[in-house]
1. If the cut-off is 16 Å between C-alpha atoms, which aspartates and glutamates fall inside it for A:Lys338, apart from same-chain ones fewer than 8 positions away?
2. Report the relative contact order of chain A, percent, no decimals, based on alpha-carbon pairs under 8 angstrom and at least 6 residues apart.
3. For B:Lys122, list the aspartates and glutamates whose Cα falls under 14 Å from its own Cα; do not include residues on the same chain fewer than 8 positions away.
4. Please compute the average number of Cβ atoms from other chains found within 10 Å of each residue's Cβ in peptide A:189-197.
5. Which order, highest average first, do B:186-195, B:220-229 follow once you tally other Cβ atoms within 10 Å for each residue and take the mean per peptide?
6. With a Förster radius of 35 Å, plug the Cβ-Cβ distance of A:Lys500 and A:Thr33 into 1/(1 + (r/R0)^6) and report the FRET value to the nearest 0.05.
7. Can you give the mean number of other chain Cβ atoms that lie within 10 Å of the Cβ atoms in peptide B:141-154?
8. Percentage of Cα-Cα pair distances in chain A greater than 31 Å, rounded to whole percent?
Amino acid sequence: MSTVQAHGVAGHHADAHDHHGPEKGWRRWVFATNHKDIGTMYLLFSLAMFFIGGLMALIVRAELFQPGLQLVDPYFFNTMTTMHALVMIFGAVMPAFVGLANWMIPLQIGAPDMALPRMNNFSFWILPFAFTLLLSTLFFESGGPAGGWTMYPPLALQMGETFPMTIFAIHLMGASSIMGAINVIVTVMNMRAPGMSLLKMPVFVWGWLITAYLLIAVMPVLAGAVTMLLTDYYFGTSFFQAAGGGDPVMYQHIFWFFGHPEVYIMILPAFGVVSEIIPTFSRKRLFGYDTMVYAIAAIAFLSFIVWAHHMFTVGMPLAGQMFFMLSTMLIAVPTGVKIFNWTATMFKGSLTFEPPMLFAIAFLFMFTIGGFSGLMLAIVPADFQYHDSYFVVAHFHYVLVPGAVFAIMAAVYYWLPKWTGHMYNMKLAKLHFWLSTIFVNLLFFPQHFLGLAGMPRRIPDYSTQFADWNLVSSIGAFGFGFAQLLFAYIVWQSIRGGAKATDKVWDGGAPQGLEWTLSSPPPYHSFEVAPEVK
Amino acid sequence: MAKTLKYAAGLAACLPGSAAFAAWDLNMPVGVTELSRQIYGLHMLILWVCVIIAVLVFGAIIYSIVKFRHSKGAVAATFDHSTKVEVVWTVIPIAILVGMAIPAAETLINIEDTRDSDLTVKVTGYQWKWHYEYLDHDISFFSTMDRDSDRARQLRAGVDVRGIDNYLLEVDNPMVVPVGAKVRVLLTANDVIHSWWVPEFGMKKDAIPGFINEMWFRADEPGTYRGQCAELCGRDHAYMPVVVKVLPREEYEAWLREQQGEGAAQAAASDVTSDAAAQIVAKAE
Ligand SMILES: [Cu+2]
């Protein structure tokens with residue numbers, strides 16, 4: 001694939017030759033090969049899953065509103081926590097970032113499209129089938145998967161007829177992710193505009209490039225782990241069954257060898273997003289660009305050697321516990337560098353607080369809180385108390401909700417006018433920000449207290465001393481959930497119409513990057529003529 | 001953002017005194033064992049380190065937000081890197097981490113040292129109850145959630161659970177140990193993975209079918225300590241409490257004699273490996 005297709009004149013638009021325009025009607029979406037259409041589908045799919053997964057979370061929080069069992073059977077409760085995690089991770093957060101990658105990578109590196117458009121179509125269209133399969137198990141007589149999203153054996157082997165469906169759905173999601181990742185790598189490696197060396201790429205592209213390698217490295221590991229579960233169940237193998245000479249703990253090692261990089265798969269693109277937004281609204285260049293890139297690479301590397309910190313209580317040798325404690329603590333160093341550099345970017349800048357900036361700043365605060373609790377969890381002796389308690393629930397939700405999800409919302413508010421060509425309602429967006437920020441803290445901060453006081457995770461009912469903070473947390477959950485309807489409304493409004501967005505969109509700010517040199521919305525084939533990067 | 005800080009400050013203010021089982025409990029219990037106190041100390045150490053770093057970093061962010069506002073005419077500076085500063089904020093965190101790792105490693109070594117125990121109890125997790133076997137004596141029994149809790153925890157039971165003492169945290173037969181003894185706990189499971197956790201002892205450890213895990217505790221104060229299964233183990237995961245009664249020596253000896261007396265009477269059932277046998281023992285009491 002050549003990087004430069006230097007025919008035609010600059011500013012030459014796709015509508016000049018009709019056969020290059022989008023197809024009409026449903027064919028445009030089903031046969032989509034255009035990176036923007038596929039990106040849009042990914043993002044809308046993600047939004048739908050965000051609401052479905054959110055509804056499940058609200059069922060969980062409704063049951064936990066007060067002690068006693070009021071609403072659902074414990075088995076169904078377990079199904080809800082399990083499904084909530086699978087839907088949010090594989091259906092909401094990951095596809096949202098793939099959607100952002102599809103939309104923004106070609107625009108940011110000056111390419112006409114993604115390198116592998118048909119595979120792009122395939123990787124998206126797998127997802128609706130995968131999730132139909134997964135969600136359909138809710139209507140099975142035996143109920144949906146209820147062993148937790150981590151699917152630890154031997155419990156996972158008690159799942160019943162939902163078991164093969166769940167595993168097949170996970171295989172499909174993995175295949176989709178791998179294809180998406182290959183596409184990102186091929187695009188970034190081969191289709192950058194002339195002059196854009198690797199260390200001139202926007203940090204968002206860097207974050208995604210490294211994420212893509214992580215995906216290719218670990219999704220097959222997950223596939224292997226769940227396939228071994230499958231053969232244990234149907235073909236009499238004993239990979240994880242002690243009675244047959246297997247080892248249930250081995251599953252956990254394999255799973256978390258996937259699972260820990262997976263955590264960074266959900267956060268490295270978020271780092272990229274925040275690194276785009278903070279400089280724009282600080283009117284100042286990103287502080288320490290090179291270090292930011294190296295820090296992402298360092299975190300990605302470390303993510304492969306810390307997996308067992310998810311399982312300190314399984315009884316590992318002392319040396320193993322020491323190693324995983326120290327390697328995990330080390331992650332704080334590059335992560336700290338990123339936080340400090342973002343702060344230094346804002347320092348002596350000239351700040352304005354448009355919705356994307358608000359979400360980025362909130363990310364900075366609350367992701368850091370999640371980082372702190374992560375550091376605490378790394379300390380093995382203390383982890384013996386924290387492990388499998390609500391403290392862990394608070395920790396990873398701080399990293400994933402006001403971390404990854406806030407970054408996704410920041411990205412949407414940042415690039416939405418570029419995508420639709422319309423500005424959105426700033427007042428409503430700010431309201432959405434404040435509601436989300438207040439309620440998300442009300443939702444997750446008390447969970448730290450619950451965990452420290454001794455409440456285990458994944459329980460549908462609890463002893464009465466946990467009642468008060470659970471009540472606060474549930475109120476936060478419903479507030480946060482309903483605030484997201486506002487988000488959907490704002491996006492819908494901007495798709496329908498609104499004030500015309502300029503090419504630069506953020507005229508008052510200092511947006512960097514090639515995406516702002518194109519019209520809003522950008523032409524069908526993005527960059528028909530590769531731009532020159534000095 | 002201010003909210004976050006307020007929480008951090010609130011958290012910091014409420015740290016020292018924590019009455020266990022107070023309703024608005026904020027912090028980890030100090031616990032009643034040497035290990036739990038060490039773990040609590042470590043927890044507080046890291047927490048304070050995090051609070052201090054948070055004050056500095058969040059302070060810098062808030063200062064920037066207040067001071068460098070475009071609306072107040074702030075003009076952006078042009079610097080975009082400083083190797084010196086970046087080296088500083090790479091090296092200082094490493095030093096802090098080393099400072100945290102050393103006490104953590106010491107405690108960990110202590111935790112792993114299960115030698116010279118006075119008593120060994122084998123704990124087996126079942127769906128959904130615990131089985132205790134005193135290896136030095138001929139005692140074993142199942143420990144199941146008590147009837148009041150069990151009745152009240154049913155879906156739409158219509159019972160006010162606040163009226164039940166130790167709702168979900170009471171069992172028919174608690175584990176009983178003498179005060180001041182180093183108790184070695186051997187953990188395994190019969191079906192799926194469970195996890196044995198008593199917050200006041202500072203420790204939890206997984207009970208894994210086919211494998212035996214070890215942990216130990218030495219409780220300094222007599223009392224009843226409560227915890228729960230911590231590893232998701234199926235439908236009734238929330239309903240397998242752990243209750244440990246720590247008794248003064250003489251009372252413990254009396255309990256032992258009582259148990260062994262019954263054990264002799266129920267000789268056939270003393271070898272408790274099957275569920276049914278266990279029920280007999282439980283009923284016999
Ligand atoms: Cu259990």
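1. A:Glu276, A:Asp290, B:Asp80, B:Glu86
2. This gives 20 percent for chain A.
3. The qualifying aspartates and glutamates are B:Glu133, B:Asp136, B:Asp138, B:Asp206, B:Glu214, B:Asp271.
4. Shielding by partners across A:189-197 averages 0.
5. Going from most to least packed, we get B:186-195, B:220-229.
6. 0.80
7. For peptide B:141-154, the averaged partner shielding equals 1.
8. 46 percent
Taken together, the values in this text are just the output of simple stated rules run on the coordinates, not laboratory data. All values reported here derive from a predicted model rather than from experimental measurement. Glycine gets a Cβ as well: all are built from the backbone with ideal geometry, and neighbour counts include every protein chain shown.
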